[in-house]
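Chemist: Encoded as structure tokens, here's the structure I'll be asking about.
Please treat every number below as a calculation from the coordinates, not as lab data. Please read these numbers as outputs of a predicted model, since none were measured by experiment.
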Amino acid sequence: EMVGYVDKAMERYPLQMKIVVRFGIYQIEDRTIDVTVMYDRAALAVKRIKGKYGEAYAYFDDSMRNELLLEKEITNSMQQALADGEFLVYLQPKCNLKTEEYVGAEALIRWMNPERGLLPPGQFIPIFEKTGFITEVDLYVWEQVCRMLARWKQENRTLIPISVNVSRADLYHSDFMDRILELMDKYDIEPSLLHMEITETVYTENQNQILDMVNQMEKLGFKVEMDDFGSGYSSLCMLKNTPFDVLKMDRQFLDECLDSKQGKTIISHVISMSNDLGLSIIAEGVENRGTADFLYDNGCSVSQGFYFSKPVSIPEFEHMLDEQQTEQQR
Ligand code: C2E
Ligand code: MG
Ligand code: MG
């Protein structure tokens with residue numbers, strides 16, 4: 001009704017462009033709630049239909065309420081959770097497709113929440129990014145990784161590089177490099193053992209500042225990986241200007257491409273392109289033998305995915321490394 005009314009009203013003011021009006025509705029039940037809170041709820045509701053053609057209004061509903069509640073709960077408890085050691089580092093191996101050897105691993109965070117169980121990063125990382133807390137958490141993950149590598153060294157284990165995820169917020173912290181270098185120093189770790197995964201879209205933003213940062217990392221001997229390649233809107237030209245070492249193909253991009261002949265051609269050429277550019281290429285999200293074979297046949301030598309292993313706890317990962325070593329000795 002209201003929508004029709006607004007449409008009519010708009011007709012009275014003819015413009016050269018079409019203006020679409022959308023409504024977010026919060027039904028007032030409790031009058032003690034602050035008006036700004038009511039407004040926020042209506043604004044959240046309208047966000048749900050942003051970009052959806054033909055949907056003019058949305059109500060604030062229970063699912064949004066729960067989402068807000070969860071978000072609040074997370075923001076309230078995250079600091080204590082970090083102090084209490086509720087964040088765990090899991091590792092997922094990167095495998096050589098020919099030998100099936102583990103040539104590296106990616107550190108992936110998990111939250112062991114006493115009430116909610118093991119939470120995947122998708123549920124809390126976006127909130128941490130919003131609040132800026134991500135920088136503290138990432139630093140924690142890097143420290144855990146460095147500590148583990150130092151222990152491996154002490155235990156005379158074969159050292160393989162470990163990748164950590166670097167959030168866009170981290171890169172805008174002026175002391176980002178100092179903090180990492182401090183860790184390398186404290187645990188006496190070679191920078192080449194720490195790979196930095198930076199998601200594709202970050203490179204497209206504030207190009208100069210990011211490029212400076214990546215350049216600096218490279219100069220110090222860290223390896224930089226472009227994560228989620230193919231997922232966003234990066235231009236191929238960007239590959240020319242960015243000094244990174246590893247192209248990490250996005251899982252969904254790979255999945256969607258493998259569905260068709262054209263898609264397969266694209267994957268095969270992305271692999272040859274990166275080989276020709278002297279970049280290493282890693283495929284992410286390899287779930288079966290067929291995909292692994294296809295990638296290998298097309299010149300990709302390293303992959304990560306459930307086909308080889310899911311992300312596992314550090315002790316489990318060490319056990320896997322041990323098993324592999326005894327197998328090799330046989
Ligand atoms: P990502 O960096 O692209 O990590 C790869 C994700 O793909 C992981 O999800 C991994 O479990 C999943 N994956 C790997 N192989 C397969 C497969 O074969 N099939 C399927 N279905 N999935 C597969 P996860 O652990 O849930 O992490 C999600 C995202 O959260 C990561 O995406 C990364 O962007 C972010 N993240 C994780 N840990 C951290 C962290 O410590 N710091 C920051 N800033 N972000 C993190
Ligand atoms: Mg990653
Ligand atoms: Mg990825």
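Chemist: Working from the pairwise distances between different alpha carbons, so that the mean of 1/r is found and then inverted, what is the chain's Kirkwood radius in Å?
Modeler: Numbers: mean 1/r = 0.0439 Å⁻¹.
Kirkwood hydrodynamic radius for the chain: 22.8 Å.
Chemist: Amide H to amide H, which residues 5 or more places from Leu247 or on other chains are under 5 Å from it, using H placed in the peptide plane?
Modeler: Met226, Ser280, Ile281, Ile282
Chemist: Using the structure shown, select from Lys223/Lys264; Lys47/Lys310; Lys50/Lys72 the pairs with a Cα to Cα distance greater than 25 angstrom. Numbers along the way, then the final one.
Modeler: Values: Lys223/Lys264 28 Å; Lys47/Lys310 34 Å; Lys50/Lys72 23 Å.
With Cα atoms farther than 25 Å apart: Lys223/Lys264; Lys47/Lys310.
Chemist: Still on this structure, I have one more. Skipping prolines and chain starts, which residues have an amide H placed within reach, meaning under 5 Å, of the one on Val103, given they are 5 or more residues away or on another chain?
Modeler: Hits under the 5 Å cutoff: Lys94, Cys95, Asn96.
Chemist: Which whole-number percentage describes the relative contact order of the chain, with Cα contacts under 8 Å and a sequence gap of 6 or more?
Modeler: Computed over the chain, the figure is 14 percent.
Chemist: For Lys219, which lysines qualify as cross-link partners when the Cα separation must be under 29 Å and same-chain residues fewer than eight apart are set aside?
Modeler: Lys94, Lys153, Lys186, Lys240, Lys248
Chemist: Read phi for every residue in segment 240-254 and hand back ³J(HN,Hα) as whole Hz from Karplus 6.51 cos²θ - 1.76 cosθ + 1.60, θ = phi - 60°, with x for Gly and Pro.
Modeler: 6, 9, 9, x, 10, 9, 10, 9, 10, 6, 5, 4, 5, 4, 4
Chemist: Along segment 102-109, what does the Karplus equation 6.51 cos²θ - 1.76 cosθ + 1.60 (θ = phi - 60°) give for ³J(HN,Hα), rounded to whole Hz, x for Gly and Pro?
Modeler: For segment 102-109, the Karplus curve yields 7, 9, x, 7, 9, 7, 10, 7 Hz.
Chemist: In whole Hz, with x marking every Gly and Pro, tabulate ³J(HN,Hα) for segment 150-159 from phi via Karplus 6.51 cos²θ - 1.76 cosθ + 1.60, θ = phi - 60°.
Modeler: 5, 5, 4, 4, 5, 8, 6, 7, 5, 8
Chemist: Just to be sure I understand: with springs between alpha-carbon atoms less than 10 Å apart, which residue in Phe308, Phe60, Phe128 has the highest mean-square fluctuation in the Gaussian network model of the chain?
Modeler: Phe60
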